[in-house]
Every structure is written in structure tokens, then in C-alpha cells.
Amino acid sequence: MGEIGPFRVMELLARARALEEAGRSIVHMEIGEPDFPTPEPVLAAAQAALAAGHTRYTPALGLPALREAIARFYRERDGAVVAPERIIITPGASGALLLALGVLLDPGQRVVMADPGYPCNRHFVRFLEGEAVGMPVDAQSGYQLTASQVESRWDDRTVAAMVASPANPTGTVITSEELTAIDRIVRRLGGRLIVDEIYHGLVYGAAASSVLASTDAAFVVNSFSKYFSMTGWRLGWLVAPDAYVPEVEKLAQNLFIAASTPAQYAALAAFLPETLAELEVRREIFRRRRDLLLPALRALGFRVDAAPQGAFYLYADCSRFTDDSRQFALRLLEEAGVAVTPGDDFGRHQPERYLRFAYTTSEAQLEEGIRRIAAFIGR
Ligand SMILES: Cc1ncc(COP(=O)(O)O)c(C=O)c1O
């Protein structure tokens with residue numbers, strides 16, 4: 001447990017809430033979830049499921065109708081043919097990551113991942129008595145792993161590489177050429193690629209189709225949390241290579257029995273045309289927010305060398321103002337009433353230079369945040 005770190009942003013969030021309770025106004029740019037409610041058709045489907053008494057366990061791999069709906073979604077969105085039998089419904093992407101790493105890792109084995117990256121990944125690996133190998137990534141590769149980096153760090157204890165695209169905390173998208181190259185190298189080395197596609201759908205301009213369109217060998221993680229605005233429903237999925245499905249099933253039965261039944265029924269409505277139309281409206285709102293925040297931060301002197309193309313994050317170099325982003329974030333909160341996440345939640349590669357800004361709040365709030373930051377840094 002000594003090596004499992006907490007989510008440090010939670011302390012900052014708690015302090016922000018305490019300040020709000022004491023009457024201060026806080027602009028929240030630290031929160032990693034959409035500010036939109038769950039779409040109406042999903043809520044209606046959940047209410048209908050509850051009224052119909054759908055409150056007992058589903059099979060461990062999930063409701064067959066939901067697994068089929070996800071397979072259809074891959075076919076229609078990504079042109080990828082994915083057998084529903086390979087799709088496992090999980091408690092969030094978190095459950096999917098745990099299952100994928102659980103079937104792949106033995107104690108002492110290694111997983112290569114980008115640093116900075118989503119912090120829970122290294123803790124999942126540690127929990128399974130494995131070793132997370134954080135590869136320093138920077139703007140040059142769009143804060144994404146490269147195939148040559150993966151190859152250079154691979155050794156006989158390495159069993160997997162993890163990629164997230166769009167990524168948290170940088171919002172960057174890996175090119176399909178690089179992703180295919182990583183998949184090829186990992187397979188040649190006898191390992192497996194895990195691709196976290198939780199921010200799929202939230203992409204602005206760049207092309208980002210699922211890696212499943214080009215390979216059946218990767219583990220793919222996804223969720224209803226972000227694009228579908230369903231964080232609190234705790235529902236996601238894993239696509240596993242055929243040969244691993246029985247192992248994944250065994251682990252799912254033991255770890256959580258099944259994902260939430262009412263949430264699974266609700267999610268059947270996530271793929272209805274009217275839901276997807278609403279989600280596209282939201283995507284456009286996120287894009288507008290990014291287009292507001294990115295130039296405004298650059299104009300203030302923050303450096304964002306690799307423009308974010310997706311998710312709802314922006315990872316900004318604040319070294320012009322401080323050599324300690326954590327202290328800077330604390331002061332920004334206390335003195336200016338703006339909450340952002342310091343880099344030290346996301347890894348060990350130069351965290352003191354970076355802040356993560358989440359545009360999960362209205363344009364008016366973002367503009368207010370920018371005004372406060374400008375005043376704070378004296379511009
Ligand atoms: C990259 C990434 N993967 C996985 C998760 C976990 O999401 P879920 O709510 O689906 O468990 C998050 C949540 O922030 C994330 O950013």
C-alpha cells in the first residue's frame with residue numbers, strides 16, 4: 001500500500017469545496033468529468049428498467065443486447081468488425097483496465113506506459129505486483145509513446161504496452177501509423193498492446209478511429225463515463241482478443257460478478273440516434289471551449305507545444321511563472337479562486353513544469369478563470 005499513491009487532486013478539490021462553503025467563488029478547471037447531465041433517453045431507459053424490475057445480476061460478461069449494441073457501434077463508427085463475444089461489460093474503464101492487466105500480468109512483469117499519463121494505470125500494475133515502466137514523453141511525440149521507445153525499453157520481463165488516445169492529461173491523439181507500428185512491435189516481441197479509448201468520440205478535427213479497425217490482437221478499453229456523460233453509472237467495457245475471453249470471464253466473475261444491471265439497461269439507449277445527436281452537440285461545445293482556452297492560456301505565457309485534439313484537457317507548461325507547479329496551483333486556488341491540477345498527479349517526468357486545465361465548465365466560467373489567472377500573474 002505504501003507504493004499506491006492517492007489522487008492528489010482530491011485534496012485540492014476538497015480545499016476548493018471548503019473555500020466555496022466559506023463563501024468564496026471558485027472556477028473549477030480541475031474536474032475530469034463532463035459537466036453535462038446524462039442524456040435524457042438514457043435516464044428514461046434506466047427508469048423503465050427499474051420499473052420492470054431489472055435489478056438482479058446479469059451474466060459476468062454483461063447483457064448480450066448491450067454487447068451487441070457496442071459491436072454495432074464499432075461497425076458503424078469505426079468500420080471495425082468486432083464479435084460481441086469479445087466485448088465484456090465492466091464497472092467503468094477502471095474495471096476494464098483491471099481485467100486486462102489482471103489476465104496479462106504475473107508478479108514481477110513489466111508494463112510500458114507514457115509519463116505523464118493516467119495515474120491509476122501504474123497503481124493497477126503495482127496492485128498486481130507488477131512494475132510500471134513510465135517512459136518520459138514530451139511535445140515532440142505529442143506526449144504519446146513511439147514504437148521505437150517501446151522497442152528500446154522492452155526486456156524479457158515486459159509483457160504489455162499501454163496507450164491512451166486521446167490522452168489524459170494532454171488531450172493528444174496518437175497517429176494511426178504510430179499506433180499500428182506499436183502494435184506490430186509489441187506483437188513481434190511477444191507482448192500485448194492495451195489501448196484506452198475512453199475519450200473516443202471527444203475528438204476535434206483529428207482522425208481517431210478505434211485500433212480495432214486494424215487489429216484483433218489488442219486489448220481495448222472504453223467507457224460510458226466521458227463521451228456519454230455517465231461517470232457515476234460506473235459502466236464501461238473491454239474488448240479482449242478471442243483467446244483471452246474465458247480468462248477475463250473468470251476474473252470478472254470473481255472480482256465483481258457483473259456490472260450494474262440498471263446501468264446496463266440504461267446504456268442500451270446510449271446508442272440511439274437521438275442520444276448520439278445530443279452527444280455530438282456536446283462535442284461541439286467542448287471543441288469551442290478548447291478553442292477559447294488554448295489561445296487564451298498561450299497569450300498569458302503558458303506553453304502548450306502539442307495542441308490537444310481531444311478529451312477535455314490541456315497540459316500547459318507553466319515554467320515561465322514557477323519551478324513548482326504544485327505550489328503554483330495551491331496559490332492559484334487560495335489567492336485567485338481557480339482550481340487546476342498540478343502535473344505531479346500524472347507521473348514523474350517534469351511534473352513541476354505542468355498544470356492540467358480541464359474545460360469541463362462553461363465558456364463564461366473559462367473566461368472568468370482566464371481573467372483571474374491574468375490578474376494573478378500580473379498581466
Ligand atoms: C484515461 C482514463 N482511463 C480510465 C479512466 C477511468 O474511467 P471510468 O470512469 O470509466 O472508470 C479515466 C478517468 O478519468 C481516464 O482519464
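What the table shows:
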{"read-out": "Most to least accessible of Val81, Val27 (protein chains only, probe 1.4 Å)", "value": "Val81, Val27"}
{"read-out": "Accessible area of the chain divided out per residue, in Å², using a probe of 1.4 angstrom", "value": "41 Å²"}
{"read-out": "Label-point separation, Met10 to Val281 (7 Å along Cα→Cβ), nm", "value": "3.5 nm"}
{"read-out": "For Val338, residues with placed amide H under 5 Å, excluding near neighbours", "value": "Val27, Leu333"}
{"read-out": "The chain, accessible surface, carbon-and-sulfur percent (1.4 angstrom probe)", "value": "51 percent"}
{"read-out": "Residue-level accessible surface for Phe321, protein heavy atoms, 1.4 Å, Å²", "value": "60 Å²"}
{"read-out": "Cα gyration tensor category, rounded, prolate or oblate, for the stretch 243-285 with a/c compared to 1.5", "value": "prolate"}
{"read-out": "Compactness relative to 2.2 N^0.38 Å, alpha carbon Rg of the chain", "value": "0.97"}
{"read-out": "Alpha carbon convex hull of the stretch 102-248, projected area averaged over orientations, nm²", "value": "8.6 nm²"}
{"read-out": "Candidate residues Asp155, Asp196: accessible-area rank, largest first, probe 1.4 Å", "value": "Asp155, Asp196"}
{"read-out": "Cα→Cβ-extended label distance, 7 Å offset, between Arg126 and Arg331, nm", "value": "2.9 nm"}
{"read-out": "Separation between Cα centres of the stretch 301-379 and the stretch 104-174, rounded to whole Å", "value": "24 Å"}
{"read-out": "Cα shape, the stretch 257-379, gyration tensor, a/c 1.5 rule", "value": "prolate"}
{"read-out": "Rounded tilt (10° steps) of 245-255 against the dominant C-alpha axis of the chain", "value": "60 degrees"}
{"read-out": "Shape of the stretch 162-247, Cα gyration tensor, a/c cut at 1.5", "value": "oblate"}
{"read-out": "In Hz, Karplus ³J(HN,Hα) per residue of the stretch 209-221 (6.51, -1.76, 1.60; θ = phi - 60°; x = Gly, Pro)", "value": "9, 4, 4, 5, 5, 10, 8, 9, 8, 8, 8, 10, 10"}
{"read-out": "Formal net charge of residues neighbouring Leu105 (Cβ-Cβ distance under 13 Å; K, R +1; D, E -1)", "value": "+1"}
{"read-out": "Order of exposure, largest accessible area first, which applies to Ser229, Ser141 with probe 1.4 Å", "value": "Ser141, Ser229"}
{"read-out": "Equivalent-ellipsoid semi-axes of the stretch 172-315, from the Cα gyration tensor, Å, largest first", "value": "30, 23, 13"}
{"read-out": "The chain: angle of helix 92-104 to the longest principal axis, Cα-based, in degrees nearest 10", "value": "60 degrees"}
{"read-out": "Centre separation in Å (Cα based) which lies between the stretch 1-20 and the stretch 223-237", "value": "22 Å"}
{"read-out": "Heavy atoms of His54: accessible area, 1.4 Å probe, square angstrom to 10", "value": "70 Å²"}
{"read-out": "Cα-projected label distance for Phe256 with Leu43, points at 7 Å along beta-carbon direction, nm", "value": "2.4 nm"}
{"read-out": "Residues in the stretch 287-317 reached by a label modelled at Arg371 [backbone nitrogen below 20 Å; 7 Å Cα→Cβ]", "value": "289-301"}
{"read-out": "³J(HN,Hα), Karplus 6.51/-1.76/1.60, whole Hz, each residue of the stretch 234-241, x for Gly, Pro", "value": "6, 9, x, 8, 10, 9, 10, x"}
{"read-out": "Directionally averaged shadow of the stretch 1-129, computed from the convex hull of its alpha-carbon atoms, nm²", "value": "12.6 nm²"}
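The values are calculated or read from the model by the stated rules, or taken from the named source; none is laboratory data. Bear in mind the structure is a predicted one, so any value in this text is a computation, not a measurement. Neighbour counts are summed over all protein chains in view; Cβ atoms, including those assigned to glycine, are modelled from backbone coordinates with ideal geometry. To get the accessible areas, we keep the full protein, side chains included, count just its heavy atoms, and leave off ligands, DNA and RNA. Shrake-Rupley method; radii C 1.70, N 1.55, O 1.52, S 1.80 Å.
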